[in-house]
1. Could you check, for region 215-232, whether at least one of its residues is in contact with a Cys (Cβ under 6 Å, 6 or more places away or on another chain) and either open to solvent by 10 Å² or more (accessible area, probe 1.4 Å) or assigned to a strand (DSSP E or B) (or both)?
2. How many of the residues making up region 285-327 are modelled with pLDDT under 55 and closer than 26 Å to T225 by Cβ?
3. Report the residue count in region 121-160 for those that are within 22 Å of the chain's Cα centre (by Cα) and either among the polar types (S, T, N, Q) or over 17 Å from F232 (Cα atoms) (or both).
4. Among the residues of region 246-263, is there at least one that is more than 22 Å from D80 (Cα to Cα), in contact with a Pro (Cβ under 6 Å, 6 or more places away or on another chain) and open to solvent by 10 Å² or more (accessible area, probe 1.4 Å)?
5. What are the pairs, 6+ residues apart or on separate chains, where a residue within region 188-206 that is at negative phi has its Cβ under 6 Å from a residue that is in a helix (DSSP H, G or I) and surrounded by 14 or more Cβ atoms within 10 Å (Cβ to Cβ)?
6. Considering R129, R155, which residue is open to solvent by 70 Å² or more (accessible area, probe 1.4 Å), over 20 Å from A205 (Cα atoms) and basic (K, R)?
7. Would you mind finding the one in R86, R68 that is within 19 Å of E308 (Cα to Cα) and either open to solvent by 80 Å² or more (accessible area, probe 1.4 Å) or not in a strand (DSSP E or B) (or both)?
Amino acid sequence: MLVRRLRELEIPIQPINCGPYYAGSKRAGDVVRFIRDTAQLANRLPSADLIYINGPRLLPAVALARPRIPVLFHAHSLLDRGYSIRLATWSLRTLRATVVASCRFVSTWIGDYPTRVIYNGARDCRRDRLPGAGSWRIGLLGRIAPEKGQLDFVRAARILLPELPECRFIICGAPLFSDPSYENLVRKEAEGLPFEFTGWRDDVAEVLAGLDILVVPSQAHEGSTRVILEAFSAGSVVVAYPSGGIPEIIDDGINGFLVPNPSPESLAARIRHALTPGAESIRVNARAAWQQRFTLERYQDEVCEVLEDCVRSGNRANNTAASKAPTAARLSGNG
């Protein structure tokens, strides 16, 4: 989405991909490939006016190359291993990079290095709500992996059903580059329960239109997950664990619900509370929060403003003509 906006501004983009790598604990092959790819990448950085780095794995390669142009690093996730933090912060200081973080939580590892927080944005996902045929529809969207909490969702559903047998549950997603054994465990736990596994769906707005509640039981390292912002734009009720950057987005009881003491039992209790008639005001407030803070246009404008500032400062430093059309090289590391 950001790339599309830059192209609308007639700024050429030169993408350089690195990866993908296996998610979670790294395999020996991933380590070997990463070292090889880093060395190769440092020797083939393009001629550009700005390097935009979208993943911390690529920072060392760019730092080793020591480019004489501005570097913007966009932090989307938390680093929690000491060696990774030391290497990444050394790279930032070596590059004198401009840093943007998707929420305050994911910027904590950066320490006292100057960082600007720009929350993610989401497109308008509002659709006419689909008829529920007399049942409550409660869903979870996203990659199927332990950190996304599908297992807690299934266990919460088992607790809810004796009291609310009309509930129906949807898990929308796929393991992608994660270990598929976790999905097998989730499916086994869901046997005999009214669960639907839809697989991966790109039409998020249509999925949200078919839900009464979106559940986000993500574990500790979650950032400002975009699906919550998409749910806000759709006017959906969100029930989430207060993990990572999520409390920076959800104001409990105002535009969504946070689950105290995250567990299947607490999640079931919070879902039960969210099914009461008073939740209609939550939908209104969620939509208003999206309009005020989390639109895609606001996000694009803020990031483009930082990009333009970086290019202008680099041009001044190099005595380059101010009218020169900038070129951006976008580096993204997958996994």
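The values are calculated or read from the model by the stated rules, or taken from the named source; none is laboratory data. Computed from a predicted model, the values in this text were never measured in an experiment. Because the Cβ atoms are built from the backbone with ideal geometry, glycine has one as well, and the counts that use them run over all protein chains shown. The protein model used for the area step is the full one, side chains on, heavy atoms only, and it has no ligands, DNA or RNA in it. Shrake-Rupley method; radii C 1.70, N 1.55, O 1.52, S 1.80 Å.
1. Start the filter on region 215-232 by keeping residues that are in contact with a Cys (Cβ under 6 Å, 6 or more places away or on another chain), which leaves 223-224, 230.
Cutting the leftovers down to either open to solvent by 10 Å² or more (accessible area, probe 1.4 Å) or assigned to a strand (DSSP E or B) (or both) gives us 230.
Yes, region 215-232 has at least one match.
2. Selection size over region 285-327: 0.
3. Pass one, region 121-160, residues within 22 Å of the chain's Cα centre (by Cα): 121-126, 138-153.
After this cut, where a residue has to be either among the polar types (S, T, N, Q) or over 17 Å from F232 (Cα atoms) (or both) as well, the list is 143-153.
The qualifying residues number 11.
4. Within region 246-263 (the criterion being more than 22 Å from D80 (Cα to Cα), in contact with a Pro (Cβ under 6 Å, 6 or more places away or on another chain) and open to solvent by 10 Å² or more (accessible area, probe 1.4 Å)), the answer is yes, since at least one residue qualifies.
5. E189/V154; A190/V154; L193/A157; R201/V207; V204/E230
6. Values: R129 fails: over 20 Å from A205 (Cα atoms).
Testing whether each residue is open to solvent by 70 Å² or more (accessible area, probe 1.4 Å), over 20 Å from A205 (Cα atoms) and basic (K, R) leaves just R155.
7. On the way: R86 fails: within 19 Å of E308 (Cα to Cα).
Going through R86, R68 in turn, the sole match is R68.
Rundown of residues vs (1) closer than 21 Å to I249 by Cβ; (2) in contact with a Pro (Cβ under 7 Å, 6 or more places away or on another chain); (3) free of Cβ contacts under 8 Å to residues at least 24 places away in the same chain; (4) in a loop (DSSP other than H, G, I, E, B), yes/no style:
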site: R126; (1), (2), (3), (4): yes, no, no, yes
site: L130; (1), (2), (3), (4): no, no, no, yes
site: L140; (1), (2), (3), (4): yes, no, no, no
site: I144; (1), (2), (3), (4): no, yes, no, yes
site: F153; (1), (2), (3), (4): yes, yes, no, no
site: I170; (1), (2), (3), (4): no, no, no, no
